[in-house]
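The values are calculated or read from the model by the stated rules, or taken from the named source; none is laboratory data. This one's a predicted model, so the numbers in the text were calculated from it and none came from an experiment. With ideal geometry, Cβ positions are generated from the backbone for all residues, glycine too; neighbour counts draw on all protein chains shown. Ligands, DNA and RNA are stripped out before the accessible areas are found, and what is left, the full protein with its side chains, is counted by its heavy atoms. Shrake-Rupley method; radii C 1.70, N 1.55, O 1.52, S 1.80 Å.
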Amino acid sequence: METSTQKNWLGDEVLPRAGDPQAVENGLRRWVDAATRGNDEELARFVQSAVEDARWRGLFAAVFGNSPFLSQCAIVDPDHFRMILEHGPDEAFAAILAMVADKALITAGIDALMQTLRRLRRRAALTVAVADVTGRWTDEEVTEALSQFAILALRAAVAALLREGHDTGNLSLSYPDEPERDCGFIVLGMGKLSAGELNYSSDIDLILLFDDQVAPYTGARSAQEYFVRLSRQLCRVLEDRTGDGYVFRTDLRLRPDPGSTPPVISVIAAETYYESIGQNWERAAMIKAR
């Protein structure tokens, strides 16, 4: 995906027609209203001008006329839709990745992290969809982009939870500013996530492990109990539905014996399982593990 600095990035592509023409008018009106409610007069002028610009008519029809979800993404964040129109989806998506990889997220607090990840997820969905429907990206680039965002969001959530564990005295991290480093907590991405093949509605398949020979656990209970709690928090950060939506649904059922094991198990327990009673398909699934 090449970064575009051209204002006129949209060519003569044939875009999907509006399934609901009235929804296009309603969506544009709400987009203008959202832009004019704030104090950004420049944004309000841009949005009004864009609505009257014939260049964008087909794109507006494709977005507002076919997807209530994408329409809402544009309406609640008019400034980001402006960025897509001005700079193209390549540059807009690069900005999203930079924000989700920002180290400041690690210490912002879990509530702030959840809100930020959901806001960036909306932006990513709209940006990728625009690149998709305009033919700017191939199918492979679309699934790669969705997977890339998921991996960075997952890393941000893990790092923030580990840092919180350090700050509350449950962990003694050697590198608090790089919480994942030598932390003893292992996240294996499986299936479509690890292969870079996520689609718009994919869950992310994970196997969560901890190495009690490495994990710097200093809390009052057992390391197992702590990492079980951390794993549940991780799922909550990613999949709880708030007023801002959710980030990704998580699926932990690829772990060893999911019906009778906690969401995270020790490395030794996992090794014992795979060496003794693990099925061939479970071992084969590791071919894609990331």
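Here are the numbers:
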| quantity | calculated |
| --- | --- |
| Helical segments meeting 18 Å axial Cα length and Kyte-Doolittle 1.6 threshold in the chain (DSSP H) | none |
| Probe 1.4 Å, accessible area per residue of region 106-261, Å² | 43 Å² |
| Among 134-141, 75-82, the order from most to least packed when residues are scored by Cβ within 10 Å on average | 75-82, 134-141 |
| By average C-beta atoms within 10 angstrom, highest first, the peptides 91-101, 42-52 | 91-101, 42-52 |
| Within-15-Å neighbourhood charge of THR242 [Cβ basis; K, R +1; D, E -1] | +3 |
| Relative contact order of the chain, pairs being alpha-carbon contacts under 8 Å that are 6 or more residues apart, as % | 16 percent |
| Taking region 149-290 and dividing mean pair separation by its residue count, relative contact order in percent (alpha carbons under 8 Å, at least six apart) | 27 percent |
| Peptides 114-126, 18-30 ordered by average Cβ neighbours within 10 Å, highest first | 114-126, 18-30 |
| Spatial separation of Cα centroids for region 168-190 and region 59-126, in angstrom | 28 Å |
| Protein accessible area in the chain, 1.4 Å probe - carbon and sulfur % | 48 percent |
